[in-house]
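The block underneath contains the structure these notes are about, expressed in structure tokens.
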Amino acid sequence: MEIIELKTTRRVELIELTNRVQQIVQRVKVKNGVCFLFVPHTTAGIIINENADPSVKHDISDTLNKLIPHSADYAHGEGNADSHIKSSILGNCLHIFIEENRLCLGKWQGVFFVEGDGPRKRQVWIKILG
Amino acid sequence: MEIIELKTTRRVELIELTNRVQQIVQRVKVKNGVCFLFVPHTTAGIIINENADPSVKHDISDTLNKLIPHSADYAHGEGNADSHIKSSILGNCLHIFIEENRLCLGKWQGVFFVEGDGPRKRQVWIKILG
Amino acid sequence: MEIIELKTTRRVELIELTNRVQQIVQRVKVKNGVCFLFVPHTTAGIIINENADPSVKHDISDTLNKLIPHSADYAHGEGNADSHIKSSILGNCLHIFIEENRLCLGKWQGVFFVEGDGPRKRQVWIKILG
């Protein structure tokens with residue numbers, strides 16, 4: 001298992017990880033296969049979305065904040081109930097194909113870690129099957 | 001393929017399955033690999049979230065019920081249109097890494113079956129690749 | 001990697017792909033394994049849901065449109081911010097088990113490509129591990 005370590009700086013934030021995942025794929029030297037990503041946290045998620053216009057990141061976090069506000073009538077007492085809910089709506093795992101030792105992504109796609117309750121030290125776990 | 005059988009008791013409910021998945025991983029004896037989970041139902045989902053404070057489960061189902069109410073102006077006539085929508089928002093499949101014959105989960109993570117239209121008899125299907 | 005090519009005809013639309021995925025599984029001749037699907041677009045998604053009553057498709061797209069409207073106070077200027085957000089809420093990848101050269105799906109399940117910003121030419125990428 002490979003581990004990407006990251007530090008988030010805000011409460012809600014999307015951090016692009018595409019190159020760091022690609023570097024692991026190249027190091028592991030599985031020429032063709034599937035790269036699996038897994039976030040071991042319950043208040044964060046991982047998504048693939050547009051990697052060109054940064055306003056897309058803003059719209060994703062802003063719309064999620066409107067649908068699932070930070071403060072509402074939640075039972076969980078730690079002030080991060082919204083982050084747990086967002087984590088399960090976005091999901092904490094995904095896969096990307098590998099061909100010729102490279103991630104297969106669409107033209108506009110990038111991989112984003114979605115911080116929901118930062119700032120924190122976080123990890124993304126990676127495993128590759130050939 | 002391995003099958004977990006479960007019985008839900010309420011219309012909307014999160015049921016923790018972590019130990020049952022772990023037992024299958026130990027029985028199958030794949031030391032290192034990826035465990036894939038799949039829910040073969042269209043009104044249920046599967047997520048990974050906090051396994052410590054049970055109020056997180058309550059907040060997830062309560063917030064989903066507010067965003068996607070049981071009764072609204074739906075076309076589907078069986079009274080469970082909301083459950084179909086929730087199923088696709090949460091997702092019906094996920095993966096967990098296996099190392100040394102154990103599921104790799106973060107400190108606070110557990111696996112939850114999300115019933116959306118119970119009570120019913122349900123299944124979770126599991127396959128492991130090494 | 002196998003590719004399904006499709007043409008969507010409306011802005012938001014669910015297109016059933018179950019048989020096309022099954023045809024690929026049969027051609028690839030992996031008897032037992034896991035079939036991975038991946039959407040290489042940032043304004044579309046892929047889900048598994050009910051394949052019997054077409055009103056379920058309508059309720060899914062209609063409810064998503066209500067929660068995440070086409071026009072709102074978005075930063076992204078291309079008129080498809082909602083489609084990017086929906087893509088990450090539904091997800092762009094999933095897996096289905098294969099046994100005896102057939103997709104393992106529940107009785108009511110089908111695979112649906114979810115167009116969020118059509119009409120467009122789209123692809124679904126498929127890889128199978130045995």
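In the set A:LYS29, A:LYS86, only one residue is of a type in the set (Lys, Arg) and at pLDDT 95 or above; that residue is A:LYS86. So is B:VAL25 open to solvent by less than 40 Å² (accessible area, probe 1.4 Å), more than 7 Å from every other protein chain (Cβ to nearest Cβ) and not small (Gly, Ala, Ser) or not? Considered against the rule, which asks whether it is open to solvent by less than 40 Å² (accessible area, probe 1.4 Å), more than 7 Å from every other protein chain (Cβ to nearest Cβ) and not small (Gly, Ala, Ser), B:VAL25 comes out as yes. The set of residues in region B:99-112 that are surrounded by fewer than 24 Cβ atoms within 10 Å (Cβ to Cβ) and among the hydrophobic types (A, V, I, L, M, F, W, C) comprises B:LEU103, B:CYS104, B:LEU105, B:TRP108. In the set (1) under 23 Å from C:HIS95 (Cα atoms); (2) in contact (Cβ under 8 Å) with a residue 60 or more places away in the chain, the condition left unmet by A:GLU5 is number (1). What residue, among those in region B:47-76 that are among the small types (Gly, Ala, Ser) and either in contact (Cβ under 8 Å) with a residue 24 or more places away in the chain or at the interface with another protein chain (Cβ under 7 Å from one of its Cβ atoms) (or both), is nearest to C:THR63 (Cα to Cα)? Taking the candidates together, the pick is B:ALA75. Taking the criterion of being more than 14 Å from chain A (Cβ to nearest Cβ) and open to solvent by less than 10 Å² (accessible area, probe 1.4 Å), no residue of region C:32-46 qualifies. Within region B:113-125, restricting attention to residues that are under 14 Å from B:LEU37 (Cα atoms) and either in contact with a Phe, Trp or Tyr (Cβ under 7 Å, 6 or more places away or on another chain) or of a type in the set (Lys, Arg) (or both), which residue is surrounded by the most Cβ atoms within 10 Å (Cβ to Cβ)? Step by step, filter region B:113-125, then rank; the result is B:VAL124.
The values are calculated or read from the model by the stated rules, or taken from the named source; none is laboratory data. Since we're looking at a predicted model, the values are computed, not measured. Cβ atoms come from the backbone with ideal geometry, glycine included; neighbour counts cover every protein chain shown. What goes into the accessible areas is simple: the full protein's heavy atoms, side chains included, and nothing from ligands, DNA or RNA. Shrake-Rupley method; radii C 1.70, N 1.55, O 1.52, S 1.80 Å.
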